[in-house]
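Enquirer: Once you've had a glance at the structure underneath, I'll fire off some questions.
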Ligand code: ADP
Ligand code: MG
């Protein structure tokens with residue numbers, strides 16, 4: 001921790017606090033330090049958690065947030081994960097501040113970059129597990145950077161389901177609502193939720209309480225994306241989102257196959 005200067009706290013999320021920081025010797029390059037309390041874990045579990053983050057550090061892709069460093073702090077009680085700072089903020093904030101619908105070509109560019117990032121981590125046998133608009137970042141120049149991948153698993157071991165899902169039950173897949181294991185297809189479901197949100201400005205499933213929410217998710221019925229009239233998008237977009245929000249995991253496409261959708265091909269070539 002000694003090599004970093006903490007500038008300010010930028011948020012507290014489901015797993016801990018985030019701080020904006022820079023290296024002592026270089027104030028110009030900013031980092032985000034995520035501090036996760038592991039005080040309820042045994043020494044062995046802490047070691048395992050840190051090892052897993054070390055694995056995440058080895059991942060490199062133009063559309064994922066790079067993890068720079070990780071170490072234990074506060075008398076070995078907190079796991080600190082250092083990642084690059086994305087100055088453009090997250091898509092949740094973008095959506096909130098956007099006046100009117102997001103243009104379709106912008107949406108397609110974002111989707112392709114998110115899907116390429118997700119396909120990359122899936123190809124390394126890593127699940128995201130916490131995909132939501134608030135974990136998808138933008139650089140100053142508007143490039144997508146997928147963040148917070150794999151971290152949920154590091155922590156899931158010692159927390160029970162209810163606790164770990166507090167952060168993001170809105171993007172939870174039907175199989176996870178039914179206590180089935182999280183899979184690659186569960187990430188695809190969450191990606192479907194993110195896309196639906198970017199298209200309509202609303203989440204596909206919402207309710208007053210967890211029980212009501214899970215019931216809606218499992219039924220899988222949501223207000224259709226409009227292809228005519230006000231706030232209309234092409235049938236291509238609607239069909240893509242509908243495919244990702246299929247309730248049966250086995251019938252849902254992999255991220256790789258969403259990228260093979262013909263109308264996306266020229267954009268995929270641009271980013272690959
Ligand atoms: P959450 O549980 O909501 O994902 P986080 O702890 O991951 O919360 O993030 C807290 C805040 O810090 C959020 O506003 C998020 O946008 C911001 N943030 C996290 N990581 C980064 C990053 N790499 N670059 C820029 N902002 C980030
Ligand atoms: Mg986050």
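Enquirer: Working only within the stretch 16-39, note down all residues that are more than 14 Å from ligand 1 (Cβ to nearest atom) and either farther than 15 Å from residue 80 by Cα or part of a loop (DSSP other than H, G, I, E, B) (or both).
Expert: Initial filter on the stretch 16-39 (more than 14 Å from ligand 1 (Cβ to nearest atom)): 23-28, 38-39.
24, 25, 26, 27, 28, 38, 39, listed by residue number.
Enquirer: Can you go through 29, 77, 96, 47 and tell me which one is farther than 18 Å from residue 148 by Cβ and within 16 Å of ligand 2 (Cβ to nearest atom)? Break it down stepwise before answering.
Expert: Values: 29 fails: within 16 Å of ligand 2 (Cβ to nearest atom); 77 fails: within 16 Å of ligand 2 (Cβ to nearest atom); 47 fails: within 16 Å of ligand 2 (Cβ to nearest atom).
Being farther than 18 Å from residue 148 by Cβ and within 16 Å of ligand 2 (Cβ to nearest atom) holds for just one of 29, 77, 96, 47, which is 96.
Enquirer: Name, by its number, the condition in (1) outside any helix (DSSP H, G or I); (2) surrounded by fewer than 23 Cβ atoms within 10 Å (Cβ to Cβ); (3) within 15 Å of ligand 1 (Cβ to nearest atom) that does not hold for residue 99.
Expert: The failed condition is (3).
Enquirer: Here is a follow-up. Can you find, within the stretch 1-15, the residue that is farthest from ligand 1 (Cβ to nearest atom) among those that are out of contact with any helix residue (DSSP H, G or I) (no Cβ under 9 Å at 6 or more places or on another chain) and touching a residue at least 24 places away in the same chain (Cβ under 8 Å)?
Expert: 1
Enquirer: From 56, 118, grab the single residue that is modelled with pLDDT under 95, under 30 Å from residue 270 (Cβ atoms) and within 16 Å of ligand 2 (Cβ to nearest atom).
Expert: Working: 118 fails: modelled with pLDDT under 95.
On inspection, the qualifying residue turns out to be 56.
Each row is one residue, and each column tells you yes or no for (1) away from ligand 1 (no atom under 16 Å from the Cβ); (2) part of a helix (DSSP H, G or I).
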position	(1), (2)
41	yes, no
45	yes, yes
72	yes, no
75	yes, no
81	no, no
105	yes, yes
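Enquirer: Right, something else. What number goes with the only condition from (1) closer than 30 Å to residue 237 by Cα; (2) assigned to a helix (DSSP H, G or I); (3) in contact with a helix residue (DSSP H, G or I) (Cβ under 8 Å, 6 or more places away or on another chain); (4) within 16 Å of ligand 1 (Cβ to nearest atom) that residue 53 does not pass?
Expert: (1)
Enquirer: Pull up the stretch 124-141, narrow it to residues that are near ligand 2 (Cβ under 9 Å from one of its atoms) and in a loop (DSSP other than H, G, I, E, B), then point me to the one that is surrounded by the fewest Cβ atoms within 10 Å (Cβ to Cβ).
Expert: The qualifying residue surrounded by the fewest Cβ atoms within 10 Å (Cβ to Cβ) is 132.
Enquirer: Filter the stretch 7-53 down to the residues that are over 17 Å from residue 134 (Cα atoms), surrounded by 17 or more Cβ atoms within 10 Å (Cβ to Cβ) and modelled with pLDDT under 90 and list them by number.
Expert: Listed by number, the residues that qualify are 36, 38, 41, 46, 49, 50, 52, 53.
The values are calculated or read from the model by the stated rules, or taken from the named source; none is laboratory data. What you see is a predicted model; the values in this text were computed from it and never measured. For neighbour counting, all protein chains shown are included, and Cβ atoms are generated from backbone atoms with ideal geometry for every residue, glycine included.
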